[in-house]
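No lab work stands behind these numbers, since they all come straight from the coordinates. All figures in this text were calculated on a predicted structure; none of them were measured in a lab. Cβ: placed from backbone, ideal geometry, glycine included. Neighbour counts: every protein chain shown.
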Amino acid sequence: MKRILVTGGGGFLGSFLCESLLNRGDEVICLDNFFTGDKRNIYHLLDEPRFELLRHDITVPLRLEVDEIYNLACPASPIHYQRDPVQTVRTCVHGAINMLELAKTLGVKILQASTSEVYGDPSVHPQPESYWGNVNPIGERACYDEGKRCAETLFTSYRRQWDMPVKIVRIFNTYGPRMHPHDGRVVSNFILQALKGENITVCGDGNQTRSFCYRDDLIDALMRMMATSSEVTGPVNLGNPVEFTMRELAELVIELTGSKSKIVYIKLPDDDPRQRKPDIGEARRLLGWEPTTPLRDGLKKTIAYFDELLKSNAEYCQ
Ligand code: NAD
Ligand code: UDP
């Protein structure tokens with residue numbers, strides 16, 4: 001049994017990672033400042049003796065005894081990370097330094113949840129890890145994109161300077177039950193709009209693409225990455241390489257919900273990437289991993305989750 005620290009453990013992905021580690025038999029310390037996380041995500045874990053909740057902000061140093069660290073703490077959706085851009089940079093940069101210092105003191109593995117946003121609006125398609133990206137350093141998304149890029153620099157610098165067992169994964173758009181109903185991300189927005197019979201808001205002409213990975217596939221990959229030997233540093237792309245336009249996604253959500261909602265077209269946000277699709281050759285080679293959940297199946301489960309949430313707590317979804 002290992003004792004594992006999950007920063008951002010109160011969030012969408014972090015809470016499911018905590019649960020998966022507990023199911024495997026590990027002890028879990030879930031750290032979160034609840035900036036975007038929600039205690040509802042982890043209520044059901046609080047009675048588990050191997051689970052501990054720590055309210056803490058990773059921009060502040062901390063000392064703990066753990067065997068592994070997953071660093072997921074960071075707001076992930078554009079409306080959340082742009083709400084307090086300076087704090088987003090702090091979380092990415094100061095937070096990474098604090099967690100790396102902790103890992104260095106303890107001599108333990110540490111995994112960084114990086115992002116496909118490090119590729120910005122990519123000019124190479126699909127994106128391999130060797131592509132350096134196309135990021136606007138002063139745009140509205142920069143606090144997140146450049147923050148995460150700097151965190152990758154810190155992780156690789158700690159590796160070079162102190163030979164630390166660091167691991168970097170670049171996560172592409174991931175969805176599933178427990179997404180925050182107000183995070184403005186496309187999957188949760190479209191599903192809630194469809195279930196409420198509201199217009200489905202497609203940004204721009206809807207021809208921009210994303211590749212959507214189901215939560216369970218992603219968490220499996222995170223745990224496989226942590227289990228690799230210390231030679232495997234990454235970065236490794238994690239995502240589902242099947243690409244959809246936002247218009248196709250809207251049509252699929254309407255079909256699966258049986259909704260009467262109409263598609264409307266609204267302004268495309270600044271610096272919105274046109275195309276995004278991971279090259280997952282490295283994940284296949286190093287982790288023996290590829291996603292197994294087709295979008296249609298993952299959407300059905302996510303729709304069932306939001307349908308239940310709307311019925312039990314409609315106010316929360318307003
Ligand atoms: P989320 O917002 O649901 O979870 C992030 C968690 O971090 C929240 O619980 C939040 O309260 C916490 N947090 C934020 N700042 C903190 C701080 N300073 N100290 C302590 N806790 C803090 O987002 P998510 O989708 O679960 O994303 C988890 C991680 O995965 C993030 O690092 C994100 O950048 C990365 N990621 C996610 C996606 C995706 O599609 N979901 C894609 C790429 C990368
Ligand atoms: N999007 C959309 N309608 C929405 C929310 C988002 O068409 O209500 C688009 C958005 O412009 C982007 C894509 O969906 O092109 C994915 O957006 P999201 O915020 O989920 O993720 P990211 O842009 O970070 O990949």
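Each stretch of four or more DSSP H residues adds -39500 (n - 2.57); spread over every residue of the chain, this sum gives -12000 deg cm²/dmol at 222 nm. Listed by Cβ neighbour count within 10 Å, with the fewest neighbours leading, 124, 202, 66 appear as 124, 66, 202. One Cα centroid belongs to the stretch 97-116, the other to the stretch 142-205; the line between them spans 19 Å.
Take every DSSP beta bridge whose two residues both sit in the chain; close to 10 percent of them are antiparallel. Taking other C-beta atoms within 10 angstrom as a stand-in for reagent exposure, 277, 267, 2 fall in the order 267, 2, 277, fewest first. If only the Cβ of Lys and Arg carry +1 and only the Cβ of Asp and Glu carry -1, the dipole of the chain around its Cα centre is close to 80 debye. In order along the stretch 75-88, the phi-based Karplus estimate (6.51 cos²θ - 1.76 cosθ + 1.60, θ = phi - 60°) of 3J(HN,Hα) comes to x, 10, 9, x, 5, 6, 6, 8, 5, 9, x, 5, 5, 5 Hz; Gly and Pro are listed as x. Ranking of 44, 180 by neighbouring Cβ atoms within 10 Å, starting from the fewest: 44, 180.
In terms of distances greater than 31 angstrom between alpha carbons, the cross-link table entries 109/311; 167/311; 148/196; 262/301; 39/300 yield 109/311; 167/311; 148/196. For the chain, the C-alpha radius of gyration divided by 2.2 N^0.38 Å, with N the number of residues, is 0.96.
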